[in-house]
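Student: This is the structure I have questions about; it appears just below.
Throughout, read-outs are computed from the coordinates displayed, never taken from laboratory work. The structure displayed is predicted, hence computed values, not measured ones.
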Amino acid sequence: MMGSKSEVLIGNTLNRRNIEYHYEKPLLLKKNKMFRPDFTLMNIYSRRELFWEHLGIVDNEHYASNAMKKLMIYEQNDIFINDRLILTYETANDPLNLRTINDIIDQIEYMLK
């Protein structure tokens, strides 16, 4: 079970594009901090992992504050946006859409082969 309809859209699109992923796979960070990225993708040749986080309600102040803290922890662990961290987000008025998901996959697909 995924946490949101947008995560289901991402997972289904990855499946349709034949991209293997793990949902909420545990990731041990520095200082024994455990994270569960929404999606973990792996380049099977280099064994390099990419992490995809979807921020579902960034127009909620409390949610957005927690999301920023989470992104800062990723950075402190040398996991950066547009390098190993893929980030999508939405608001109540601007939901994530399939075109955006496919555009992102088009941009990262070379990193998975």
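Student: Taking N as the number of residues in the chain, what value does Rg over Cα atoms divided by 2.2 N^0.38 Å take?
Tutor: Values: Rg = 13.7 Å, N = 113, 2.2 N^0.38 = 13.3 Å.
So the Cα radius of gyration is 1.04 times the expected 2.2 N^0.38 Å.
Student: For the pairs 5/25; 33/113; 25/70; 31/69; 5/69, flag any whose C-alpha to C-alpha distance is greater than 26 Å.
Tutor: 33/113
Student: Across segment 3-13, in residue order, what do the Karplus-derived ³J(HN,Hα) couplings come to in whole Hz, using 6.51 cos²θ - 1.76 cosθ + 1.60 with θ = phi - 60° and x for Gly and Pro?
Tutor: x, 7, 5, 5, 5, 4, 4, 4, x, 5, 5
Student: Can I ask one more? Spelling out what I want: for every residue of segment 21-31, take phi, set θ = phi - 60°, compute 6.51 cos²θ - 1.76 cosθ + 1.60 (Karplus), and round to whole Hz; glycine and proline get x.
Tutor: The phi angles translate into 8, 10, 9, 6, 5, x, 10, 8, 9, 4, 6 Hz.
Student: So how much slack lies between residue 109 and residue 87, counting 0.36 nm per residue of separation and subtracting their Cα-Cα distance, in nm?
Tutor: Result: 6.4 nm gained on full extension.
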